[in-house]
Amino acid sequence: MAKYPANLIEFEDWFRTDAECQDYLESIRWPDGFRCPRCGHASGWKTGRSGLWECADCRHQTTVTAGTILDGTRKPLRLWFLAMWLIVSEKNGISAKGLQRQLGFTRYETVWTWLHKLRRAMVRPGRDLLSGAVEIDETYVGGKAEGKRGRGADKKHIVVIAAEEVGKGIGRIRLRRVDDVSQASLLPFIEEVVEPKTVIQTDGWKAYGPLSNLEYTHQVTVISRREELASERLPRVHRVASLLKRRLLGTHQGAVGRTHLDYYLDEFTFRFNRRTSRHRGKLFYRLVQQAMHVDPVTWKTIASGNQGRPE
Ligand SMILES: [Zn+2]
């Protein structure tokens, strides 16, 4: 049997009830059958219709969503499934407003919280560090004027891009919005997403100077002021930057708030790193799979973190 629905018709056919969604989650979280999250025992039973499982050994009761980002949700799983399907099936992603309309939620805050929970499933912090050879540069998005490092960059957001080199192409990428282009903003991002011993290419910006003291091999590419030369020197980050800008124009008409940009960058990264997946269904499968493998996050955590309030 296929692991994921191939299209919308199949999606609707597979997930008509919450019980069907639950079965699907169980097949993903416990591919070899139920496993007790407390004692590790491999047998248990369902205690009724609510999807509650009981461990045959320690009698611990749990659900398939306990300890995942879907933990404690009061909304039907079908709505979560639909949200995930809508997110992956739109080529440019879906805006919070668009998702709110499609799900019929009255509270915008709910949709915003969902998007931010799912965001954690898209880019799992601390996983899968970039390695080998990586290009890094910053770009400005979300405004009109073009400019590098402050010049004409008012009202724009700064996004730092890391792109893996794979032959002449691009491997995986990581993106992050930063407040400025200082060492204090750029270096922690690099240390969080790039494996030590990696060869890192940047331009001559002084904030990148200490990279060679941080267990990286740092190669500085001196870039001319002319834009076409810049894109030849760090071609991968420039390709990612121009794709990101085009996508933002398509989805948000170019203007995007700070917290939405944070979400959008993770969604963009999720899609980009799986761009060879030809089926929307496969993206859906990956998103569900990763949603089963991240820690739960509450509204309080989201709102109190550095991600700001909903806009
Ligand atoms: Zn147990």
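When the stretch 89-107 is filtered for residues that are at pLDDT 90 or above and closer than 30 Å to Leu244 by Cβ, the ones remaining, listed by number, are Leu99, Gln100, Arg101, Gln102, Leu103, Phe105, Arg107.
Looking across the stretch 185-218, the residues that are within 26 Å of the chain's Cα centre (by Cα), crowded, with 17+ Cβ neighbours inside 10 Å and touching a residue at least 60 places away in the same chain (Cβ under 8 Å) come down to Val193, Val194, Thr198, Ile200, Gln201, Thr202, Tyr208.
State whether one or more residues within the stretch 291-305 are modelled with pLDDT of 85 or more and under 30 Å from Leu25 (Cβ atoms). Yes - at least one qualifying residue is present in the stretch 291-305.
Of everything in the stretch 23-41 that is over 22 Å from Leu118 (Cβ atoms), in contact with a strand residue (DSSP E or B) (Cβ under 9 Å, 6 or more places away or on another chain) and charged (D, E, K, R), the residue that is surrounded by the most Cβ atoms within 10 Å (Cβ to Cβ) is Arg35. The residues listed here are Gly72, Gly98, Gly44, Gly51; of these, the one that is surrounded by 14 or more Cβ atoms within 10 Å (Cβ to Cβ) and within 28 Å of the chain's Cα centre (by Cα) is Gly98. Being modelled with pLDDT under 65 and buried (at least 16 other Cβ atoms within 10 Å of the Cβ): is that true of Ser231 here? Taking the combined requirement at face value, the residue satisfies it.
The rows are residues; the columns are (1) within 16 Å of the ligand (Cβ to nearest atom); (2) free of Cβ contacts under 8 Å to residues at least 12 places away in the same chain.
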position	(1), (2)
Pro5	no, no
Cys21	no, no
Trp30	yes, no
Glu54	yes, yes
Asp57	yes, no
Asp71	no, no
Pro76	no, no
Gln102	no, no
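Just the residues that are part of a helix (DSSP H, G or I), hydroxyl-bearing (Ser, Thr, Tyr) and under 16 Å from Arg286 (Cα atoms), please, taken from the stretch 66-113.
Step one: list which residues in the stretch 66-113 are part of a helix (DSSP H, G or I), which gives 77-89, 96-103, 108-113.
Within this subset, residues satisfying the condition of being hydroxyl-bearing (Ser, Thr, Tyr) are 89, 108, 110, 113.
Hit for the stretch 66-113 is Ser89, nothing else.
Of all the residues in the stretch 182-214, those that are within 27 Å of Thr259 (Cα to Cα), touching a Gly at 6+ places or on another chain (Cβ under 8 Å) and of a type in the set (Val, Ile, Thr) number 0. Of the numbered criteria (1) in contact (Cβ under 8 Å) with a residue 12 or more places away in the chain; (2) closer than 30 Å to Phe189 by Cα, the one Lys91 fails is (1). Would you mind stating whether Arg38 is basic (Lys, Arg), within 9 Å of the ligand (Cβ to nearest atom) and modelled with pLDDT under 90? Yes, satisfied. Pairs are defined by a Cβ separation below 6 Å, a sequence spacing of at least 6 or placement on different chains, a first member in the stretch 108-125 that is under 12 Å from Asp262 (Cα atoms), and a second member that is among the hydroxyl-bearing types (Ser, Thr, Tyr) and modelled with pLDDT of 90 or more; the pairs so defined are Val123/Thr269.
Close Cβ contacts (under 6 Å, 6 or more residues apart or on different chains) running from residues in the stretch 259-286 that are more than 11 Å from Met122 (Cα to Cα) to residues that are at pLDDT below 90 and among the polar types (S, T, N, Q) comprise Thr259/Gln307; Asp262/Gln307; Arg280/Ser89.
The values are calculated or read from the model by the stated rules, or taken from the named source; none is laboratory data. Since we're looking at a predicted model, the values are computed, not measured. A quick note on method: Cβ atoms are made from the backbone with ideal geometry, for glycine too, and the neighbour counts reach across all protein chains shown.
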